[in-house]
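Notes to accompany the following structure.
We did not get these values from a lab; they are worked out from the coordinates using the rules stated. Keep in mind that this is a model prediction, so the values were computed, not measured. For neighbour counting, all protein chains shown are included, and Cβ atoms are generated from backbone atoms with ideal geometry for every residue, glycine included.
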Amino acid sequence: MSAHQASALLLVGHGAAAAEGGEGLRRLAATLRARRLFAEVEPCFCRQPPLASLDLVRSPTVHVVPVFSADGVFTRRIIPERLGLCGPVSRIAGRRVLYSPPVGAHPAIPALLARRARAFCRSRGLAPERTALVLAAHGSPRAEAPGTATDIAAALERQGGFAEVAAGYLEQPPFLAAWPALVSAADVILLPLLLAEGRHAGQDLPALAAAAPPPGRRLWLLPGLGRDPALSDIVLDLVAGGPPS
């Protein structure tokens, strides 16, 4: 029997005011639910229904995993305030609630991105050592937590195998629109760190990739990280690495 079969898993995503997206989080919840490791698995959001709430599950132990690509204002303040959390472990109305770091902060993310980029290079006949990677992150006008994308880019650079690795943002400098200045390789792969599938992943990045590149250069766009099947294993590892339930 799984150690979590008397526990609930609550996956918390960003969501959007217009209720766009959310498909990726619901698909991740369905994948984890099918593995029958928890009594309950429910997706919820900060900005669209179903809104994040412990009332969505009934189990005496609840594992809360923020499905965010960075540790920022949502993971540090908004989600804990909404759920009434006081740290990694909280006692709320007789229940034990365990709060994990965000998915994007997991140490396996750089290797996962590198694996996806290498597979894409093979499929297109690109030489990785002559191909640059640009990580596409959301960022914030308030620049709350830009570190995740730059930290992941640095980890990929240390691993080697690609011509260059840089990070760019949709809502803070350095902006993704300036990708030709971020790297110099002729072939550039845009790797979204976005876990949701809303406007940014569905509209903004495809529009950027469809724009005419500078002469002699090509920009390739990979699907968002939220579509990778390895994400469910990362969620389980975050749960396993937390305080004992």
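Across the chain, how large is the tail of the calculated P(r) beyond 25 Å, expressed as a percent of all Cα pairs?
Numbers: 12673 of 29890 pairs.
The calculated P(r) of the chain puts 42 percent of pairs beyond 25 Å.
Our helix-only sum for the chain, with -39,500 (n - 2.57) per DSSP H run of n ≥ 4 divided by its residues, gives a mean residue ellipticity at 222 nm of -7500 deg cm²/dmol.
Placing unit charges on C-beta atoms (Lys and Arg positive, Asp and Glu negative, everything else neutral), compute the dipole magnitude of the chain about its Cα centre in debye, rounded to 20.
Working: 25 positive and 19 negative charges, 89 e Å.
Its charge dipole is roughly 420 debye.
Relative contact order, whole percent, for the chain stands at 20, derived from Cα pairs under 8 Å and 6 or more residues apart.
Evaluated at 20 °C with a viscosity of 1.002 mPa s, what Stokes-Einstein diffusion coefficient in µm²/s does segment 109-226 have when Rh comes from the Kirkwood expression over alpha-carbon pairs?
Values: Rh = 14.1 Å.
Diffusion coefficient, whole number: 152 µm²/s.
Treating each Cα of segment 79-135 as one equal point scatterer and applying the Debye formula with no solvent, the log10 of I(q)/I(0) at q = 0.16, 0.18 Å⁻¹ comes out as -0.63, -0.69. Normalised by 2.2 N^0.38 Å, where N is the number of residues, the C-alpha radius of gyration of segment 1-100 stands at 1.02.
If each residue of separation counts as 0.36 nm, what is the full-extension length gain between residue 175 and residue 115 once their alpha-carbon separation is subtracted? Numbers along the way, then the final one.
Details: separation 60, 0.36 × 60 = 21.60 nm, distance 2.48 nm.
My answer for the length gained is 19.1 nm.
For residue 191, the amide hydrogen comes within under 5 Å of the amide hydrogens of 134, 135, 136, counting only partners 5 or more places away or on other chains and with H modelled in the peptide plane.
Taking amide H atoms as placed 1.01 Å from N in the peptide plane, the amide H of residue 51 lies under 5 Å from those of 45, each 5 or more residues away in sequence or on another chain.
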